[in-house]
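Enquirer: Can you read through this structure? Questions will come right after.
Since every read-out is calculated from the coordinates, none of them should be taken as a lab result. No experiment lies behind these values; they were computed from the predicted model shown. Here the Cβ positions follow ideal geometry from the backbone for every residue, glycine too, while neighbour counts run over all protein chains shown.
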């Protein structure tokens, strides 16, 4: 797909793919001139970028934008899947204060790599989406919050923004319309917590990245106590297609409750890791076998984490679950950011959990007690188990700790840390018991090999 | 806005129907009703934070159970809401969260200073598990000092963030911050070394565990339950902040706030909090000191011998020179009964009218009816001031002069609950949330007050710089309070200023007909200035003299003048450092040298006592019961601390002197004096020391005269420097100065010293001086002070701000009340401080 990204070059196109945000990447469009001349909103559409934004700015009323987004059933693609049009409609209409759009490009969820490519390779599509979203609820300023490690994203999106300003697409009179839209790229310092929406706002404002109390919700009091809408990069990048090809085009794809398309990023024990744009409802097995090239020969599937490291592990028997919010939820996990991590039978689940716990203990912001203390405790227990000090009662203890964090932490980070451990303890107790029986666990060499493969 | 009635909402808590205030989160209302919801991070001063997860409760709203448990610290009550605080699910969560809290907390309750008043300990007793399940490595970190007063025990910290939120949102000093992330987070001090701490001690009370402790309390004073509590009142300012004076085994242990929502709301300043050390400092004078005649010789006498000696001298003077030959001066920090005793002593024993209690409030020429009526009848309660929509602070640095009130106004201004307008001769932190601040330079208060009056009344000259402020005062449309402070008392003519201020208050009232009231609240120079005022000017306040007492002959100035002129032969000075504090130092010096006998009575040595021939011991405010009157005329009791050391009250001293002079005793006890006062002044309630309510009683005088205020609209000239003496001096009251309570408490030794001359950096550069240079401040009247200079942006160009109470370099050496201009000359050599 995108050039210079070797692990994507072998991506297999499949008929279920209906690229929207990936079109620019396919065509190698980064420059504004190319985007205006060549970009297509949908595979068989007319070329010509910024057409949708100009049309919306000139002729579409805010109410209509929201209505159309609602009709299209556009759901947020950051993890929770909240309907975007509904979110835009929450901004209070009567407050005479500035409103802001904050685009979340923090992408901290382990296993997720989708926003990064959108920002690097389809920056104008993001800007175009931002213009439409801004108009929907009366914002004149958009921020794109990018984590500090994404050096290329910051640079390339920054260049695109500069181009758009130079061409009069952003600024005080975009497309000659008297509706100022400004776009700022804001870099974070690489904290997972800043992907949580209120922490991101704190970070943009220059404060410590701690989540804030809700209510007031950001749509009422966000940046500088003004109404602020927070959307994921992918959500915003999907918007232009809806306004060019129409809501029907969008709703014709996907499932009834999860219409449209979604970018999945697949990693782990597959032959061809990468990212693809799929329709909601594509079975997980299809994604693994047909897009990601399947498992290596002779390996058996042990677990699938469907939506990034914070989602519960799915057992192999659920591998045919359709990939949409409701079905994955029914199978006992979450779609999350659609970052699928595939684990085969060479993987040591306890070691994976130790790794996850290390991540969450390191990234817990320290604000609320269950997350701050619980993540550290879980890490210490996993380290002890892996180092041969496991006790049979640790399984029950881990389960108790998880229950103390789950739904009691201040923000979803606690849940994110708890759920994978909870599912591992409940669904893979034999993995832990193996450690309790044989001090030190089994298959050190095997395990190292697997980790190297998983990248 | 004026105080509004509270609206209530009916909800169900634990299946009981209760009604809660609509605008308060459930946690506080429910706790007030006796539902014991635990909490660590929530605090009544702070915004909801929701981090500790202890206050979670099961909530049903609109017939639908909320999917997650809700933090009651952020939950607003709504009609039809149902809450369960003792549901098994809730109890289970508390146990879980408590286990997390205790993971890294050391098991050292038996040696922890917080033991017995620790919220974590209480909750562990209620909900904790009998055995810990944590077998991993605990987090450890060595202790550290957060500033001069506070030590942080890292291991005990449960990361509730109360202290950090306090430093961010309440006192705004940002001296504590979180560092690092997650479980590695710890609290680090970022105290500004150039700024003296003002309100930091409150974090010690806030800390729910024993992590933040006071340096002078930890590991010394034992368990909280062993302490005996004496209710008292802050004695460093006129706010009347309520405190507990804790004693243990005969020693003072500490001072903690005695939260009174109408006054301090539990916020007290560091000076008040830590000044208890002076009460039992070994430098306190416990025996009489006789300094007579030749050389430096001094003789130590027993207290009674000293009092007999005093009686002998006073008797000799009065029998030789007759009535009115003895002058009596008392400081502003004594109890009301002390003043009453002194007044009776002057009338019935010494037969003199030359007495004065407290600081000189009206200037040399003394009070008139109108000015006294302004002080006695135009003020509002502090709760009224805080409920006003606009506060105009004139010539008053609230953080230094009335810290508790200043901080509450600061918080309200930041939260947009009131508009703070401020004008002063220099800037300060106090103005950081003022919506308008005007620096008019030292000595120009009268000009500003009259200028504002002119602007609002439309008559007379209006300096252009006042237009904006005047505009803000025109359309308030709601209650307004004028706070006026030290610049009034320090001005050349306070009487004139009081008339001008009352005129300003009047025109603001006329301009805002919607307002229920416009208050004029002076911030007094001492803890009991109002008590002293009441005793001095009893007749002007509608009282009648009785029982052989005599009205005073005049102001403090009149007493000193009479002494200096030779009319008085002896001076009795009670706990007043007039030599350092009275604006006209030369007059005090002349008075002290002219009289034959100077008798000083006070708990500590001061420059004045060192100039006296006889120093009699006296108890501090913590040594005997008494009452004080705060700036809102609230009569409150200061109880004797539960301590072993014994020191006489002033009534004891004068009774003893009277007995030695073969006179009848002045009064049997303080209650007799209070009863006399209630009889003499209409509006003073009948109370005894036993019956003063814990929250005090507000005095509202009924016989106030209708004095007519003079309205003058000519403006005095601007006070500014000259070519030769370019800087105008402002002697400012700082929180830390050489007051006895500060000077004799060792905990303050390292704080805020050395006192400096604060000059605007531009002036400093123009004069070729650098930070820390030792300079001589040479005044236009030929006097000189030596101080290090310190650049300060809050000082206006063309002025220099010095500490008004510095024993070594007294500010009154420069000034005689009138504005003083100085030149700065750099000195070579090193300072010996």
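Enquirer: What is the P(r) of the stretch B:620-662, as percent of Cα-Cα pairs per 5 Å bin from 0?
Expert: 6, 19, 20, 18, 17, 12, 6, 2, 0
Enquirer: How would you order B:642-651, B:566-575 from highest to lowest mean count of nearby Cβ atoms within 10 Å?
Expert: Ranked by mean Cβ neighbours within 10 Å, highest first: B:566-575, B:642-651.
Enquirer: Determine one quarter of the surface area of the Cα convex hull of the stretch B:116-177, which equals its mean projected area, and express it in nm² to one decimal.
Expert: Taking a quarter of the hull surface, the average projection is 6.0 nm².
Enquirer: Where does each of A:371, B:346 land when they are ranked from fewest to most other beta-carbon atoms within 10 angstrom?
Expert: With the fewest neighbours first, A:371, B:346 line up as B:346, A:371.
Enquirer: Just the Kirkwood number for the stretch B:311-370, please: inverse of mean 1/r across all distinct Cα pairs, in Å, one decimal.
Expert: After inverting the mean inverse Cα-Cα distance, the result is 12.7 Å.
Enquirer: Moving to a separate point now. For residue B:669 and residue B:131, what does the FRET efficiency come to when R0 = 56 Å and r is the distance between their Cβ atoms, rounded to the nearest 0.05?
Expert: After rounding, the FRET efficiency stands at 0.45.
Enquirer: Which order results if A:127, B:37 are arranged by neighbouring Cβ count within 10 Å, fewest first? Could the numbers behind the result be given before it?
Expert: On the way: A:127 30, B:37 23.
Fewest-to-most Cβ neighbours within 10 Å comes out as B:37, A:127.
Enquirer: Using mean Cβ contacts within 10 Å as the protection proxy, how do B:256-269, B:76-89 order, highest first? Please list the in-between numbers first.
Expert: Details: B:256-269: 21.9, B:76-89: 16.1.
Packing proxy ranking, top to bottom: B:256-269, B:76-89.
Enquirer: Tell me, in nm to one decimal, what length is gained between residue B:351 and residue B:14 on full extension, where the rule is 0.36 nm per residue of separation less the Cα-Cα distance? Each step should come with its number before you reach the end.
Expert: Numbers: separation 337, 0.36 × 337 = 121.32 nm, distance 7.03 nm.
Length difference between fully extended and current span is 114.3 nm.
Enquirer: For chain B, what's the radius of gyration and Dmax over Cα atoms, in angstrom?
Expert: Every Cα atom of chain B included, Rg and Dmax give 28.2, 92 Å.
Enquirer: Same structure again: What percent of all Cα-Cα pairs in the protein assembly as shown falls into each 10 Å bin, going from 0 up to the bin containing the maximum distance?
Expert: 2, 8, 14, 17, 16, 14, 11, 8, 6, 3, 1, 0, 0
Enquirer: At q = 0.15, 0.18 Å⁻¹, what is the base-10 log of I(q)/I(0) for the stretch B:231-374 according to the Debye formula with one equal point scatterer per Cα and no solvent? Please give it to two decimals.
Expert: Log10 of I(q)/I(0), two decimals: -1.08, -1.20.
Enquirer: Another question, then. Could you tell me the largest-minus-smallest coordinate of the C-alpha atoms of the stretch B:705-833 on each of the three principal axes, in descending order and whole angstroms?
Expert: 54, 39, 28
Enquirer: Convex hull volume of the Cα atoms in the stretch B:234-317, per residue, in Å³? Show your work: numbers first, answer last.
Expert: On the way: hull volume 13.7 nm³, N = 84.
Output value, Cα hull per residue: 163 Å³.
Enquirer: Relative to the first principal axis of the alpha-carbon coordinates of chain B, what is the inclination of helix B:403-414, with its axis defined by its Cα atoms, in degrees from 0 to 90 and to the nearest 10?
Expert: Approximately 50 degrees, to the nearest ten.
Enquirer: Between residue B:784 and residue B:553, what is the spin-label point distance in nm, taking each point 7 Å from the Cα along the Cα→C-beta axis?
Expert: Simple spin-label model gives 3.7 nm for this pair.
Enquirer: What percent of all Cα-Cα pairs in the stretch A:386-430 falls into each 5 Å bin, going from 0 up to the bin containing the maximum distance?
Expert: Once binned at 5 Å, the Cα pair distances of the stretch A:386-430 give 5, 23, 28, 22, 14, 6, 2.
Enquirer: Please give the helix A:369-384 orientation as an angle from the longest Cα principal axis of chain A, in degrees from 0 to 90, rounded to the nearest 10.
Expert: Helix A:369-384 sits roughly 40 degrees off the main axis of chain A.
Enquirer: Using a 10 Å cut-off around each Cβ of peptide A:371-381, what is the average number of partner chain Cβ atoms that fall inside?
Expert: Mean inter-chain Cβ contacts per residue within 10 Å come to 6.
Enquirer: While we're here: Starting from the Kirkwood radius over alpha-carbon pairs of chain A, derive D by Stokes-Einstein at 4 °C in a medium of 1.567 mPa s and give it in µm² s⁻¹.
Expert: Translational diffusion coefficient: 57 µm²/s.
Enquirer: Using just the alpha carbons, could you tell me how many Å³ per residue the convex hull of the stretch A:110-189 encloses?
Expert: 90
Enquirer: At a Förster distance of 25 Å, what's the computed FRET efficiency of residue A:217 paired with residue A:166, Cβ-Cβ distance as r, to 0.05?
Expert: My answer for the efficiency is 0.10.
Enquirer: For the stretch A:349-438, go through all pairs of different Cα atoms, get the mean of 1/r, take its inverse, and jot down that Kirkwood value in Å.
Expert: Here the Kirkwood hydrodynamic radius works out to 12.6 Å.
Enquirer: Which FRET efficiency, nearest 0.05, do residue A:55 and residue A:140 yield, Cβ-Cβ r, R0 25 Å? Don't jump to the answer; show the numbers that get you there.
Expert: Working: r = 19 Å, r/R0 = 0.76.
Approximately 0.85, to the nearest 0.05.
Enquirer: Let me ask you something else. Over the stretch A:261-344, what portion of Cα pair distances is larger than 21 Å, expressed as a whole percent?
Expert: So the pairs more than 21 Å apart make up 14 percent of the total in the stretch A:261-344.
Enquirer: Across peptide A:404-410, how many C-beta atoms of other chains are within 10 Å of each residue C-beta, on average?
Expert: That average works out to 5.
Enquirer: Calculate how steeply helix B:303-321 sits against the longest principal axis of the alpha-carbon atoms of chain B, using the helix alpha-carbon long axis, and give the answer as 0 to 90 degrees to the nearest 10.
Expert: Roughly 40 degrees between the two axes.
Enquirer: Provide a whole-number value for the mean count of partner chain Cβ atoms within 10 Å of the Cβ atoms in peptide B:49-57. Mind dumping the intermediate values first?
Expert: Working: counts 6, 8, 12, 5, 10, 1, 0, 2, 0.
That average works out to 5.
Enquirer: Which value results when the Cα radius of gyration for the stretch B:1-76 is divided by 2.2 N^0.38 Å?
Expert: Cα Rg divided by the expected 2.2 N^0.38 Å: 1.13.
Enquirer: Let me understand the stretch B:403-457 better: what is its radius of gyration from the alpha carbons, and its Dmax, in angstrom?
Expert: 12.5, 34
Enquirer: Between the stretch B:291-351 and the stretch A:190-205, what's the alpha-carbon centroid distance in Å?
Expert: Centre-to-centre (Cα) distance: 71 Å.
Enquirer: While we're here: Kirkwood Rh, the stretch A:49-177, all Cα pairs: how many Å?
Expert: Evaluated over the stretch A:49-177, this radius sits at 15.5 Å.
Enquirer: Exposure proxy check: B:592, B:107 ranked by fewest other beta carbons within 10 Å?
Expert: Listing B:592, B:107 from fewest to most nearby Cβ atoms yields B:107, B:592.
Enquirer: Same structure, new question: Hull surface divided by four, with the convex hull built on the Cα atoms of the stretch A:209-334: how many nm²? Mind dumping the intermediate values first?
Expert: On the way: hull surface 40.6 nm².
Mean orientational projected area (the stretch A:209-334, Cα hull): 10.2 nm².
Enquirer: On to the next question. In the calculated pair distance distribution of the stretch A:20-251, what percentage of Cα-Cα distances lie above 32 Å?
Expert: The share of Cα pairs beyond 32 Å in the stretch A:20-251 comes to 11 percent.
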